[in-house]
Amino acid sequence: MKLLKRPIVPLLAALACVGALIAAITAGGSPGTPKGYHRGDNGTLTIENAYRPGAPDYTGIGLDGRPVRLSDFDGKIVVITAWASSCDPCVEQAEVLARFQRKAAERGDAAVVGLSRDSSSEMARVFTEKHDMPYPNVLDPSGKRLLNLPKGVLATHGVPVTLIVDPRGRIAATASEPVTESRLERLVATAH
């Protein structure tokens with residue numbers, strides 16, 4: 001009988017490790033992902049309500065010369081997009097976000113704010129005019145504003161990047177790839 005018990009102990013230990021790994025993956029999305037954070041295969045991250053970190057209060061001067069502060073949008077869902085005029089996927093995303101901003105303005109429940117990674121305000125201004133971007137855009141050539149985000153929120157510091165901030169000023173979701181209209185709507189829905 002003692003010979004049978006010994007092989008069972010390592011087997012039970014192995015099963016316990018597998019069970020713990022499965023629990024960690026389902027709780028956090030993947031090993032190393034913070035609790036309450038769920039990473040999708042398509043470059044998205046959604047964060048459960050109880051685990052959402054506060055978004056930094058981005059401030060700056062918009063390309064139109066007016067001040068822009070994230071706190072100006074308290075009580076609304078804010079879509080923050082980082083882009084650059086040299087980024088081909090940013091063109092398509094700019095059109096998606098422009099349509100979203102127009103609908104959100106009618107409803108009054110959300111807003112879009114852009115962070116341009118361009119090195120000059122003139123390059124960024126030409127891009128926003130060409131693609132009819134009806135939302136404020138702040139020049140951020142070094143990406144400093146994105147670097148202020150809590151650890152684990154972004155999978156990349158490239159562009160385009162999209163952040164969804166809930167009405168309480170907390171990060172509800174991110175996308176590190178271009179978003180389509182349906183994907184954007186799904187991410188925004190997580191912020192309610």
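Brief remarks on what is shown
- Segments 108-117, 51-60 sorted - mean Cβ within 10 Å per residue, highest first: 108-117, 51-60
- Restraint check, Lys103/Lys144; Lys103/Lys130; Lys76/Lys103, Cα-Cα greater than 24 Å: Lys103/Lys144
- R0 of 41 Å, Cβ-Cβ distance Ser120-Lys35: FRET efficiency to nearest 0.05: 0.45
- Label separation (Ala98 vs Arg168): 3.6 nm, computed from points 7 Å beyond Cα along the C-beta direction.
- Distance in nm between pseudo-label sites at Ala105 and Ser71 (7 Å out along the Cβ direction from Cα): 2.6
- In nm, spacing of pseudo-spin labels at Lys130 and Ala189 (7 Å Cα→C-beta vector): 3.4
- Seen from Ala50, the other residues with C-beta closer than 13 Å to its C-beta sum to a net charge of +2, counting Lys and Arg as +1 and Asp and Glu as -1.
- Local electrostatic count at Gly152 - Lys and Arg +1, Asp and Glu -1, tallied over other residues with Cβ under 11 Å: +3
- Net charge, Val179 excluded, C-beta distance under 14 Å - Lys, Arg +1, Asp, Glu -1: -2
- Between the alpha-carbon centres of segment 87-113 and segment 128-192 there is a gap of 11 Å.
Read-outs: derived from the displayed coordinates by stated rules, not from any lab. Quick caveat: nothing in here was measured; it's all calculated off a predicted structure. Every residue, glycine as well, gets a Cβ built from its backbone with ideal geometry; the counts of neighbours run over all protein chains shown.
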